[in-house]
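To keep things clear, I will list the structure first and then write my remarks on it.
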Amino acid sequence: MLVFENLTIKDLKNHYFIEDFSYSLGNMERLAIIGEEGNGKSSLLKCIINRKAVEEYMAVNGKIMCDMEHIGYLPQQLPRIWDSVCICDYILKKEPEEELAVERYNELQEFNNLCRRLHLPSDLLLRDQTMGSLSGGEKVKLQILKLMKEPVELLLLDEPTNDLDIAALEWLESFLKSCALPIIFISHDVKLLENSATTILHLEQLNHQSKCRHTIFKGGYREYVETRKAQLDKAIQQARKEKQAYMKQMQKLNDVKNAVHDALNDTVRNPSQAALLKKKIQAIKAQEKRFEKESYAHVDSVEEGIQIFFENVALPVNKTILDMELDCLQVQERALLYDVKLFVKGKDKLILTGDNGTGKSMLLKEIYAQLWQRKDICLGYMPQDYQAKMDYEQTPIEFLAESKDRKDITRVRELLGAMKFTGEEMTHKIRELSEGQKAKLYFLRFIKLRCNVLLLDEPTRNLSPLSSPLIIELLDNFTGCIICVTHDRLLMERLHAMHYEIKDQRLLLCEDRCSE
């Protein structure tokens, strides 16, 4: 059993992430934790694993009671200490320094069936490769593979869908639904949430991150979103009514105040009447202050409240953007793709999919290499490792503002505000921002520069499930050209695009999966 009792987590600057949280996890419950990056989701999981480790940078109060000895934990990223360890040793070892007897390597045979189910090459475990040399998706699959062979009583999964290909995502969904263990998982994948979660825990930062709120919803993700939308719509209507009533009251009060001022001007020579009128003005001012204090209901600023769009990026329909012919695309001596032919016009939108390690990102890099010097288009490129391309010592304002003049900075602040950045976050160093916020900065740069051709590698993977649909809508309404590598099934479903798949070292147009 896992029980939280009055749990409160805040940082060392007294900023609250979770306050007075109490909950008891059911035996076969699948609890999905959602919320924007930086809202305390991973810290909550880490508290369950090792509370003392979290207390090095967080203040944790309240109780976490767990009588389970074997907890399986998938961290958001594979710890770097495993980078130099070969694949087979990673699978068999609990710690990188552990010494293994030769006989232990016979256990690798037991993993073959799981390898096939996760669409991993049959010889992967025997390859002379280190964990650091693998793709992001391959690392996640191997972490899951290792967990599956452990005698666990509780599963904690932090972003298990990151970088997984479609086949592995579908397997993971099936596994979660059939698993007889209690599971707590963090995910930004809307489809996984819709198909797997039985309970939703939503962690939010409200009113410019001045207060935190947690919501427990017993039910599926889609039902939660619909219920939340209905509640927000009701709150907005109530706020409008109260604002209208407030404005009417203030107008009446203002009319009375003006009338008293006029009367006071007419009684300059009558001191006693003037004194009465001055008292009346003081009473009106007191009433004004009372109304202002009572004011009217304000609706909390929520993460799905993004209001942003591209301007003046339309391209001629028949303009040639890309006419690519490659005999072979390879990395070092390894051939990834043969006979690549890709012709892209002005308003085309393309989605590239395929299993992990098939060369999707390398193909996108090759496309970028062919386009980046073009003067007749404005190119925006978001690589998979976009964080590495950012100067972490810059602020978001510095990242977006080119000229640094007042007009430019004002425009940047407007864009950041529309993307739900607080005034404080606008002046933070980029290294202090969440991964989702860094991704949003890239989209804002594309908007500000009026990019009309976008090359995007997994653009939605770090966005919260509530803000991700809004970014997808932004891309669907984009009037330029998009070439996008993704495993995001919601993006594939909602973006009206041609669908290409890399399979058997060929780039294939999937006619049956192209949007009409």
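The values are calculated or read from the model by the stated rules, or taken from the named source; none is laboratory data. Note that the coordinates shown come from a computational prediction; the quantities given were computed from them, not determined experimentally. Virtual Cβ from ideal backbone geometry, glycine too; neighbours counted across all protein chains shown.
Before moving on, here are some points about what is shown:
- Taken over region 301-312, residues that are exposed (fewer than 14 other Cβ atoms within 10 Å of the Cβ) and either out of contact with any helix residue (DSSP H, G or I) (no Cβ under 8 Å at 6 or more places or on another chain) or over 30 Å from residue 211 (Cα atoms) (or both) amount to 2.
- Filter result (small (Gly, Ala, Ser) and touching a strand residue (DSSP E or B) at 6+ places or on another chain (Cβ under 8 Å)) within region 158-197: 187, 196, 197
- Filtered by the rule that a residue be closer than 13 Å to residue 87 by Cα and either buried (at least 16 other Cβ atoms within 10 Å of the Cβ) or β-branched (Val, Ile, Thr) (or both), region 103-114 gives a lone residue, 111.
- Across region 214-235, the qualifying residues are those that are part of a helix (DSSP H, G or I), surrounded by 12 or more Cβ atoms within 10 Å (Cβ to Cβ) and among the aliphatic types (A, V, I, L, M), and the one among them that is modelled with the highest pLDDT is 225.
- Taking residues in region 477-493 that are in a helix (DSSP H, G or I), and partners anywhere that are of a type in the set (Ser, Thr, Tyr), the pairs with Cβ atoms closer than 6 Å and at least 6 places apart or on different chains are 491/460.
- Hits in region 1-53 (condition: among the polar types (S, T, N, Q), under 19 Å from residue 70 (Cα atoms) and at pLDDT 95 or above): 24
- Candidate set: region 149-176, residues that are farther than 30 Å from residue 351 by Cβ and touching a helix residue (DSSP H, G or I) at 6+ places or on another chain (Cβ under 9 Å); chosen: the one modelled with the lowest pLDDT: 149
- Subset of region 123-148 that is at pLDDT below 90 and of a type in the set (Ser, Thr, Tyr) - its residue that is nearest to residue 76 (Cα to Cα): 135
- Scanning region 178-213 for residues that are surrounded by fewer than 21 Cβ atoms within 10 Å (Cβ to Cβ) and assigned to a loop (DSSP other than H, G, I, E, B) yields a total of 9.
- The single condition from (1) in contact with a Lys or Arg (Cβ under 7 Å, 6 or more places away or on another chain); (2) at pLDDT below 85; (3) basic (Lys, Arg) that residue 290 fails is (1).
- The number of residues in region 33-76 that are part of a helix (DSSP H, G or I) and over 17 Å from residue 184 (Cβ atoms) comes to 2.
- Qualifying residue in region 359-378 (condition: under 28 Å from the mean Cα position of the chain (by Cα), in contact (Cβ under 8 Å) with a residue 12 or more places away in the chain and under 16 Å from residue 162 (Cα atoms)): yes
- Scanning region 164-177 for residues that are of a type outside the set (Lys, Arg) and assigned to a helix (DSSP H, G or I) turns up 166, 167, 168, 169, 170, 171, 172, 173, 174, 175, 176.
- Tabulated pairs, region 163-187, first under 27 Å from residue 467 (Cβ atoms), second aromatic (Phe, Trp, Tyr) and surrounded by 15 or more Cβ atoms within 10 Å (Cβ to Cβ), C-beta under 8 angstrom, 6+ apart or interchain: 176/185
- Candidate set from region 189-240 (those that are β-branched (Val, Ile, Thr) and farther than 15 Å from residue 41 by Cβ); member that is farthest from the chain's Cα centre (by Cα): 236
- Of the residues screened, residue 315 is one that is surrounded by 18 or more Cβ atoms within 10 Å (Cβ to Cβ) and not assigned by TED's automatic domain parsing to the domain that holds residue 466.
- Taken over region 441-477, residues that are in contact with an Asp or Glu (Cβ under 8 Å, 6 or more places away or on another chain), more than 21 Å from residue 188 (Cβ to Cβ) and crowded, with 22+ Cβ neighbours inside 10 Å amount to 0.
- Residue in region 9-24 that is in the same structural domain as residue 152 (by TED's automatic domain parsing), touching a strand residue (DSSP E or B) at 6+ places or on another chain (Cβ under 7 Å) and assigned to a loop (DSSP other than H, G, I, E, B) present: yes
- Within region 16-27, being loosely packed, with under 13 Cβ neighbours inside 10 Å and touching a residue at least 60 places away in the same chain (Cβ under 8 Å) holds for one residue alone: 27.
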